[in-house]
1. Return the pair list, or none, for Cβ contacts closer than 9 Å from residues in segment 73-102 that are in a helix (DSSP H, G or I) to residues that are open to solvent by less than 60 Å² (accessible area, probe 1.4 Å) and of a type in the set (Phe, Trp, Tyr), at least 6 apart or on different chains.
2. Looking only at segment 50-69, which residues are of a type in the set (Val, Ile, Thr) and open to solvent by 10 Å² or more (accessible area, probe 1.4 Å)?
3. Any residue in segment 99-112 that is closer than 23 Å to residue 49 by Cα, touching a Lys or Arg at 6+ places or on another chain (Cβ under 8 Å) and modelled with pLDDT of 85 or more?
4. Whether any residue in segment 53-71 is more than 24 Å from residue 110 (Cβ to Cβ), at pLDDT below 85 and not small (Gly, Ala, Ser) is what I want to check.
5. Among the residues of segment 70-98, count how many are open to solvent by 40 Å² or more (accessible area, probe 1.4 Å), in contact with a Lys or Arg (Cβ under 7 Å, 6 or more places away or on another chain) and under 16 Å from residue 42 (Cα atoms).
6. Among the residues that make up segment 29-48, is at least one of them surrounded by 14 or more Cβ atoms within 10 Å (Cβ to Cβ), part of a helix (DSSP H, G or I) and at pLDDT below 90?
Amino acid sequence: MSRATSKLIYAVATVLVAASQAHAAAPPSVANQDTFSTTVHFADLNLDQPTDVTALYRRLNIAAERDCGEPRLTGSHVISPHWHDCVAQAVDGAVLALDRPALTAYHRAHAKQSERNGTVASR
């Protein structure tokens, strides 16, 4: 198994753990939801290229958004704070696990931007 594959598997596992932890803090109706796994491939990306760092970050966000379940509160257009926290924690964990300086810098810049806007850092 290559180093990139090994890091990839660990990053996916981190996304799942963070999603589960956020659900554990959620109300019972949210906490009982299943957690789904999504494999995030990045062997095709060169993380020395800014466009590829952006692509990986987008892939991590998409995986986290999918694994964290329904974003909207039932019968509302409001994004659930638990979903928002789940996605943020999952992406934080995946970026930390991958330990790539360019990805970490990109995440820090976009996470701060999303905090100011009250949104999830993604695409």
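1. Going by the 9 Å Cβ cut-off, the qualifying pairs are 91/57; 95/57; 95/106; 98/42.
2. 51, 54, 62, listed by residue number.
3. There is at least one residue in segment 99-112 that is closer than 23 Å to residue 49 by Cα, touching a Lys or Arg at 6+ places or on another chain (Cβ under 8 Å) and modelled with pLDDT of 85 or more.
4. no
5. Number satisfying all stated conditions: 0.
6. Yes, the conditions are met somewhere in segment 29-48.
The values are calculated or read from the model by the stated rules, or taken from the named source; none is laboratory data. For clarity, every value in this text was computed on a predicted model and none was experimentally measured. As a convention, Cβ positions derive from the backbone with ideal geometry for all residues, glycine included, and neighbour counts pool all protein chains shown. What goes into the accessible areas is simple: the full protein's heavy atoms, side chains included, and nothing from ligands, DNA or RNA. Shrake-Rupley method; radii C 1.70, N 1.55, O 1.52, S 1.80 Å.
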